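Written below as structure tokens is the structure these notes are about.
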Amino acid sequence: QVQLVESGGGLVQPGGSLRLSCKASGFTCSNYIMRWYRQVPGKERELVAAISEYGSVTNYADSVKGRFTISRDNAKNTIHLQMNSLKPEDTAVYSCNAFHPHSGHKYWGQGTQVTISS
């Protein structure tokens, strides 16, 4: 079955770093644009970062630009989000999303909690 599973979340102090991972199974990740989203209860889901099928193009939300880096390893069907210089406002549930641009298929992971607090 198709599945996306995030890992790497946790509690970290402001200024610290975390590396999130998303492992895909049941489909070929290289056929999909991959994205990281985050959401705080009561607020709209925010697109954090996106990466093209083979990693040649990346985009970031202004709020994380220069601090976060999205990457992918298609051989392992895995994407990562390296988060540096973390701020309390980065606290959210982070979810990965796979989007097939031609068919419109989307897959979502369940998310991993990231908490930035002193």
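The values are calculated or read from the model by the stated rules, or taken from the named source; none is laboratory data. None of these values were measured; they are calculated from a predicted model. Note that we place each Cβ from the backbone using ideal geometry, even for glycine, and neighbour counts take in every protein chain shown. Each accessible area value is taken on the protein alone, full model and side chains, heavy atoms only, with ligands, DNA and RNA left out. Shrake-Rupley method; radii C 1.70, N 1.55, O 1.52, S 1.80 Å.
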Checklist line | Residues being touching a strand residue (DSSP E or B) at 6+ places or on another chain (Cβ under 8 Å) and either acidic (Asp, Glu) or part of a strand (DSSP E or B) (or both) - total across segment 57-82 | finding: 14
Notebook entry, point to check: When you go through (1) free of Cβ contacts under 8 Å to residues at least 12 places away in the same chain; (2) touching a Ser or Thr at 6+ places or on another chain (Cβ under 6 Å); (3) of a type in the set (A, V, I, L, M, F, W, C) one by one for Ile70, which number turns out not to apply?
Noted result: (1)
Margin query: I'm checking my understanding of the structure. Among residues of segment 84-109 that are closer than 20 Å to Val2 by Cβ and among the small types (Gly, Ala, Ser), which one is most open to solvent (accessible area, probe 1.4 Å)?
Written below: Ser103
Margin query: Go through segment 85-106 and report how many residues are in a loop (DSSP other than H, G, I, E, B) and over 14 Å from the mean Cα position of the chain (by Cα).
Written below: 9
Next item on the list: Could you please give the count of residues in segment 7-56 that are polar (S, T, N, Q), under 21 Å from His105 (Cβ atoms), open to solvent by 30 Å² or more (accessible area, probe 1.4 Å) and outside any strand (DSSP E or B)?
Entry: 2
